[in-house]
Each structure stands twice: as structure tokens, then as C-alpha cells.
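These notes are about the structure you will find just below.
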Amino acid sequence: MRREAYLKKLLPWLKSPEIVALTGIRRSGKSTLLLQIIDHLLRGGVSKENILYINFEEPIFETKASLSFLQEVYQTYLEHFNPRGRIYLFLDEVQLAKKWERFAVSLYDRKDPVKIFVTGSSVKFLQNDVSTLLSGRYLSEIIYPLNFAEFLDFNKVKYHGITTTEITHFLLEYLNYGGFPRVVLEKDKEQKTKLLQEYYNTIVERDIIFRHKLDNDRSVKELLLYLFANLGNLFSTYSLEKTLGMPAENIRRYLSFFEEAFLLGSVDFFSYKITQQIRQPKKIYCADTGLANAVGFRFSENRGRLLENLVYNHLRQKNKQIYYWKNEAAEVDFVVRRGYKTEEIYNVSWETEDTATKLWEEKALQEGKKALAVKKAFLITFPSAPEFLLRKN
């Protein structure tokens, strides 16, 4: 299955000299996109000898992945195949090869006829020293699990601007099982859940505990399960320290690791004063609602929170700056900001048939509009969610 929105952006980058870096949570489809780009090259007449793909998660590389080994592999490739013309080099999960960025930059700076694509399942593989070394030499794109429009495409469902019972059925399934491509294509519901549980365990073990060499894995898993059970709720390091009996310093470290692995994301309080923003609690969300359900966040009991999480993921994929806002009388789930300008605010509720709920949500949005000087305010419910999730802008 092709993800046309990503390919439309990535394929033109084949002509540019910059290194292309794809990041995102494990199993979001980064490797498949690389293979689809390779397929595009082959169909376009590029010789297979001019394409080198290395997956650093292969067991053979586990103890060998290093700068010198990467150089050796590349040199051996050149000697054996003697490619003529431009070479296309694909390095999958490249963060496992230490100092890979030095190898990539050396090829780039020598102006060798090599186009380099790399992927990584950690925010940090493009930060700190790596980012400094690659500065001005790379283009990056975050690959997310399927959005709702892609989810419908994978299920061969057409949306014509009207929310039908079919669209509602698939929105429920999307909320329940999420948007990981392999999970979406799986038809058996028990197998979907097993896949999601395996994804969760692999992310926790490989991308968090193993990558950061954490000894106290029990505390890591306990904190994660607590956060998964409280998606969309306010939390602070101090409150978690009291609730879980865990040192605040450890909590802060673990939270940063969860976000580095794209597993969880946090939302800050909206304020023009940075000190006030820092002092306020945060809200936490999961990268995929299917993961949340598989780990123990029950859909039937928390469907409103899951819908809120879905809206968060949608706004995040649109590269929006997201905050929340509250005062003593009202709370706004999402404040969307562009630069210094507040663009729009959102509240999310499963349904508003209950008059008291509807009045409370509308009052909160009016309070938010007044306090934040914003003109656009939206209340998203389950019936109205498809229109929001499938709009073009």
C-alpha cells in the first residue's frame, strides 16, 4: 500500500543533494517507504547495482555496527559491483551504527555522486552532535501511523463529504485499533491486538530500556502503564512522584525517553509567560490509540479520552503548535498557535446530547475565545469527527 502524501513529498527529494532523514515511531512505515522509493527508482530505469540498502536491525550487524564497519561495507559494495553513475544509499535504523553521520557527511562534502536516505526510530538520532554535523546538509520528515484519510484508503473506503454509517463504523475501528499499517491490513481482531502488544513491548524494550541502558525496567514500565491509563489528564512530575513513590529526577528522564521514542507526547499549558507555562501541569497523549487500547486503556470506558487523543495526533501530524488552556471556570483541550498568533481552539467530547455537557463545553470555548483573543473555536464530537479528520486544511 502506497502512502501517496509522503511519496509526493519524498520522491522530488531524490533530485536534491541533501541527505534525507525519516524519523518516527517503530512500525510506522519508514522501511516500507524506503522500499517503495527503491521500487520507484528501478521502475525509472536505475540499475539495481546502483542501489544499496542496509538494515541495521539485522542480527548480523548487532555487534559490528560502527563507523569503520559501515565504511568497510560501502567499500566492498563499490569493489564488487563497480556502479556507474549516481548511487542511491539507504541506511535503515541507522542510529544503531555509531558515528554514521561522519560517514554520511564525508560522502556529502566530497560531492560524491551518492544520494543518501536514512531512517531512525528516535528523535535524538538527529539531535545534539549529529544535528550540528549535518547542519545544512539534510532534509527530514516524521513518519506517523496512518491518519484517518489513509486508514480509509487502506480499507478501500471512499469519503464524499458525508458521514455515512460506513464511515462511522471505520472511525470506531480506527479508534480501537489505531493506524499502524500492518495492523490496519490485518483482518483478524485478536491478531491486531497481539501485533499492537508486540509493538509496545518492542518499543519499550529496544527503544527505551536497551537504548538507554536502564537497569530499573520495572519502574519504567510502571510509569508507562500509569500514563497510558491517564491519557488526556493533567500531570506533573511532583504529582507522579507522590503517586508512584518514584524520584522526580528519574521520572523526568523516563518521560524524555518516552517522547524520544515517539511513544508519548506532552502538551504544555498555554501562556505568553514562559515561567507560568513551565510551572503548570502537562497533558499526555499516546502516538496511536490502538496501542493505548492494547496496553490496557479500555475503549468502552474511555472513549471520550481516546477521541481527544485522536484529535491530538491529527493536529500533531499537521505540524501544529499545540497547547491546552484553563482557568478556574473553564478548560480548553487544544490551543493551536502559529508563531506568536493563536489561530484556533478545540474542545473534544464524545457527544453533547446531554444538555449540561453541551452548555459546559460551549461556555468553556467562549471563555477561551475571550481570554486568548481567538476568533475560531470548534467543538468536536464523535459524529462530527470525520469531517474534522478528513478536511483538507
Criterion (in a loop (DSSP other than H, G, I, E, B) and either modelled with pLDDT of 85 or more or farther than 22 Å from residue 52 by Cβ (or both)) met by exactly one of 124, 111:
111
Could you please find all residues in the stretch 257-281 being charged (D, E, K, R) and either touching a helix residue (DSSP H, G or I) at 6+ places or on another chain (Cβ under 9 Å) or touching a residue at least 60 places away in the same chain (Cβ under 8 Å) (or both)?
259, 260, 268
When both residues are 6+ apart or on different chains and their Cβ atoms are under 9 Å apart, which pairs have a first residue that lies in the stretch 145-164 and is farther than 14 Å from residue 181 by Cα and in contact (Cβ under 8 Å) with a residue 60 or more places away in the chain, and a second that is assigned to a loop (DSSP other than H, G, I, E, B) and of a type in the set (Ser, Thr, Tyr)?
163/384
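Residue by residue, here is whether (1) over 30 Å from residue 253 (Cβ atoms); (2) among the β-branched types (Val, Ile, Thr); (3) assigned to a loop (DSSP other than H, G, I, E, B) holds:
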| site | (1), (2), (3) |
| --- | --- |
| 158 | yes, no, yes |
| 168 | yes, yes, no |
| 176 | yes, no, no |
| 182 | yes, no, no |
| 192 | yes, no, no |
| 201 | no, no, no |
| 205 | no, no, no |
| 221 | no, no, no |
| 226 | no, no, no |
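Here is a yes/no grid of residues against (1) modelled with pLDDT of 95 or more; (2) within 19 Å of residue 315 (Cα to Cα); (3) in a strand (DSSP E or B):
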site: 342; (1), (2), (3): no, yes, yes
site: 347; (1), (2), (3): yes, yes, yes
site: 350; (1), (2), (3): no, yes, no
site: 353; (1), (2), (3): no, no, no
site: 357; (1), (2), (3): no, no, no
site: 361; (1), (2), (3): no, no, no
site: 366; (1), (2), (3): yes, no, no
site: 377; (1), (2), (3): yes, yes, yes
site: 393; (1), (2), (3): no, yes, no
Residues of the stretch 280-312 that turn out to be of a type outside the set (D, E, K, R), farther than 26 Å from residue 237 by Cβ and open to solvent by 40 Å² or more (accessible area, probe 1.4 Å), as a count:
2
Within the stretch 264-292, how many residues turn out to be of a type outside the set (Gly, Ala, Ser) and not in a helix (DSSP H, G or I)?
15
Positions within the stretch 260-279 being over 23 Å from residue 120 (Cα atoms), surrounded by fewer than 18 Cβ atoms within 10 Å (Cβ to Cβ) and not β-branched (Val, Ile, Thr), in sequence order
268, 271, 272, 273, 276, 277, 279
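Being among the hydrophobic types (A, V, I, L, M, F, W, C), touching a strand residue (DSSP E or B) at 6+ places or on another chain (Cβ under 9 Å) and closer than 19 Å to residue 200 by Cα is the filter here, so list the residues in the stretch 212-263 that pass it. Walk me through it before giving the result.
Going through the stretch 212-263, the residues among the hydrophobic types (A, V, I, L, M, F, W, C) turn out to be 214, 220, 223-225, 227-229, 231, 234-235, 240, 244, 246, 248, 251, 255, 257-258, 261-263.
Those left that are additionally touching a strand residue (DSSP E or B) at 6+ places or on another chain (Cβ under 9 Å): 224, 227-228, 231, 234-235, 255, 258, 262-263.
Once the filter is applied, which keeps residues that are among the hydrophobic types (A, V, I, L, M, F, W, C), touching a strand residue (DSSP E or B) at 6+ places or on another chain (Cβ under 9 Å) and closer than 19 Å to residue 200 by Cα, the stretch 212-263 yields 224, 227, 228, 231, 255, 258, 262, 263.
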Restricting attention to the stretch 207-219, the residues that are assigned to a helix (DSSP H, G or I) and either open to solvent by 80 Å² or more (accessible area, probe 1.4 Å) or farther than 30 Å from residue 252 by Cβ (or both) number exactly 2
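The values are calculated or read from the model by the stated rules, or taken from the named source; none is laboratory data. Computed from a predicted structure; not experimentally measured. So basically every Cβ, Gly included, is an ideal-geometry build from the backbone, and we count neighbours across all protein chains shown. Calculation scope for accessible area: heavy atoms of the full protein, side chains included, ligands and nucleic acids excluded. Shrake-Rupley method; radii C 1.70, N 1.55, O 1.52, S 1.80 Å.
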